[in-house]
Structure formats: structure tokens, C-alpha cells
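Below: one structure, written as C-alpha cells.
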Amino acid sequence: MVTFQEEHVKKTNVNLKNHALIFLRLPKSGSTTLATLLRNKYKEPEVFLIPQSQEKNKLYQLPLEKRAVIKYLDGHDVFGIHECLPTPSHYITLLRNPVDRIVSHYYYVLRRPDHYLHETVVANNMELEEYVASGISRELNNGQVRLLSTISCSFGNCTQEMLEQAKNNVSRHFSAIGTLEDFDKFLLLLKKKLGWHGYPLYIRRNVTSKRPSIKSLPASTIRTIEKYNQLDLEMYEHVKHNFHKNYHSYCTEADLTRFQWLNANYNRVKSIFS
């Protein structure tokens with residue numbers, strides 16, 4: 001077992017390129033777009049995907065020599081998986097504004113009959129505010145802090161200890177953590193830290209359409225979302241503050257302007273031939 005301590009986060013780009021990259025995917029935080037981009041950076045034998053938490057056992061069952069060749073791993077509930085990798089590793093992830101994430105989550109569930117919550121939400125004709133307070137899923141109650149912490153608890157019973165542990169885990173084990181709202185900047189930071197050649201051009205995927213803006217929601221709905229996601233709100237602000245300090249030590253405004261210009265042209269070309 002090779003753990004990833006805080007000093008490893010500060011290693012050079014060259015050293016990080018030799019570490020396995022673990023992408024902790026937080027639901028409805030831009031993870032589909034980023035996962036698609038990241039997977040294309042690696043060859044098939046180097047990639048290991050964990051779409052469901054119960055499938056983590058497949059990794060533990062792999063022979064040591066097969067685990068040793070893994071360079072990229074992603075999944076929604078994979079924090080701690082570095083303990084079964086025989087090589088050094090580091091995590092990355094994206095957070096999303098908790099209110100925006102919950103709204104997106106609700107409308108995503110409504111339009112996806114295959115989602116595990118869809119039938120219950122539709123059968124009970126749940127409105128957004130009722131959905132959040134129902135206890136139907138722990139994803140709706142500080143779901144981001146839950147996945148960054150190793151402490152488990154029932155709906156509505158998250159503690160300050162979970163938030164502090166999440167912050168500690170990020171400090172010790174993550175080479176980069178950003179926010180969906182700064183997605184382009186996050187990609188630029190990854191390019192610099194991981195030594196990617198060229199710009200990481202992308203097309204947005206799995207975007208929830210036909211949903212209201214935050215400003216149009218009733219104040220009571222916003223308050224309910226905030227009530228059940230207070231730790232996520234604190235974690236989001238903590239990450240956002242630290243990300244901007246980290247980003248400006250690696251990247252310039254000229255980098256961002258060029259990247260966004262190239263990506264806009266890339267999307268225009270793709271739209272013509274799609």
C-alpha cells in the first residue's frame with residue numbers, strides 16, 4: 001500500500017505524471033465532461049472504472065501486477081481506494097455550488113426514467129423543496145462532504161467533524177480540487193500540474209436542460225436546500241478560496257484567454273460535423 005501524504009501534493013509535474021490519477025466523481029458536478037477528457041489521456045490497460053461503489057471489490061480482486069499498471073481510475077465513491085494501489089497516487093475532483101447542484105440533481109432525476117430515484121419522485125409528484133427535505137437520498141444532504149469524508153451517517157445527521165475530515169483529506173491526498181464554476185481554470189491547472197501537451201479541449205456532456213435559474217426559485221426552497229447542505233456550502237467556499245490561490249501560482253490570464261478561444265473554435269467545428 002502506498003499512501004499519498006500532503007508533501008506529495010507539492011511534487012513537480014514530472015513526478016505527478018508517474019503517479020496514478022484517481023478522479024473522485026461527485027454527482028452533478030461536471031464529472032461526465034471531465035471524465036471523458038481524462039480517459040482519453042490514457043491507454044486501455046491503464047484505465048480502471050468503478051461506475052458503482054459495490055464494484056470496488058473488482059479492483060481489490062485484481063492481481064498485484066495488474067493493479068500496478070493502473071494510471072487512471074474514476075468513480076463516484078472511491079475515496080480511500082488509493083490504499084489498494086501498489087504505486088503512488090493522487091486524487092482530483094470538482095465541487096459545485098451546492099444549491100445549483102441540488103437543483104440540477106432534481107431535474108436530472110425527473111428526466112431520467114432509469115435513475116434510481118425517478119419512480120419515487122414521479123409517483124409522489126414531489127416538488128423540489130419536498131424532494132430535498134424528504135430524506136429520499138443522502139446525496140441531497142451534504143453529498144459532497146460525505147464523499148470526501150470517511151464518516152458515514154444517516155440523512156440530516158452530518159457533523160462538523162465530517163467537514164473537518166473532508167478538508168484534511170483534501171489537503172493530504174488531492175493534487176487539485178476546483179469548482180465547476182471555474183471549470184476552464186481547473187483544466188488549465190491540471191495541464192500545468194500534470195504536464196499535458198496541448199490544451200484540454202472539450203465539449204460539455206450530461207448537461208441538465210430545461211431547469212429554472214436559481215434566482216427564479218422561491219426563497220423557502222433556497223433556505224431548505226441550504227439547511228440540508230450547510231457543510232457542503234462551507235466546503236465549497238473553502239475550496240474556492242484555496243483554488244484561486246493555487247491557480248494564480250501556475251496560470252496567467254493569457255493562458256485562459258487562449259484556451260477559451262481555442263475551445264470555442266473546437267466546439268464550432270464539432271457542431272458543423274456532428
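Dividing the Cα radius of gyration of segment 188-274 by 2.2 N^0.38 Å, with N the residue count, gives 1.49. To the nearest ten degrees, helix 183-194 and the longest principal axis of the Cα atoms of the chain are 30 degrees apart.
Label-to-label distance for K17 and E161 is 4.3 nm, based on points extended 7 Å past Cα in the beta-carbon direction.
As I understand it, the value is the acute angle between the Cα axis of helix 230-248 and the longest principal axis of the Cα atoms of the chain; what does it come to in degrees, rounded to 10? Tilt relative to the chain: about 30 degrees. The alpha carbon centroids of segment 61-93 and segment 158-191 are separated by 18 Å. Rounded to the nearest 20 debye, the dipole size of segment 6-273 about its Cα centre is 980 debye, using +1 on the Cβ of Lys and Arg and -1 on the Cβ of Asp and Glu.
Could you list, in their original order, any pairs among K28/K58; K66/K192; K192/K227; K58/K191; K185/K227 whose Cα atoms are separated by more than 32 Å?
K192/K227
Taking the inverse of the mean reciprocal distance over all distinct Cα pairs, the Kirkwood hydrodynamic radius of segment 143-194 comes to 12.5 Å.
Simple point charges give the picture: +1 on the Cβ of Lys and Arg, -1 on the Cβ of Asp and Glu, and for segment 84-141 a dipole about the Cα centre of about 260 debye. The mean sequence distance of close C-alpha pairs (under 8 Å, at least 6 residues apart), as a share of the length of the chain, puts its relative contact order at 25 percent. Charging the Cβ of each Asp and Glu at -1 and of each Lys and Arg at +1, and nothing else, the dipole of segment 18-166 about its Cα centre rounds to 560 debye.
For the chain, count all C-alpha to C-alpha pairs, find those more than 36 Å apart, and express that count as a whole percent of the total.
Of all Cα-Cα distances in the chain, 15 percent exceed 36 Å.
Spatially, segment 210-234 and segment 115-141 are offset by 15 Å when compared through their Cα centroids. The ranking of D74, D232, D114 by Cβ neighbour count inside 10 Å, starting from the fewest, reads D114, D74, D232. Per-residue ellipticity at 222 nm, computed for the chain from helices alone with -39500 (n - 2.57) per DSSP H run of at least four residues, works out to -14500 deg cm²/dmol. Of the residues H197, I214, F183, the one whose Cα sits farthest toward the positive end of the charge dipole of the chain, with +1 on the Cβ of Lys and Arg and -1 on the Cβ of Asp and Glu, is H197. For the chain, modelled as a GNM whose springs connect Cα atoms under 10 angstrom apart, the maximal fluctuation among N125, N169, N15 occurs at N125.
Ranked by how many other Cβ atoms sit within 10 Å of their own Cβ, fewest first, the residues T33, T120, T150 fall in the order T150, T120, T33. Taking label positions 7 Å along the Cα-Cβ direction at both I151 and I222, the computed distance is 2.9 nm, reported to one decimal. Against the main long axis of the alpha-carbon atoms of the chain, helix 98-111 sits at an angle near 70°.
When R223, R211 are arranged by Cβ crowding within 10 Å, least crowded first, meaning fewest neighbours, the order is R223, R211.
Just so you know, all these numbers are worked out from the coordinates, no wet-lab data involved. Not measured: the values here are computed from a predicted model. Every residue, glycine as well, gets a Cβ built from its backbone with ideal geometry; the counts of neighbours run over all protein chains shown.
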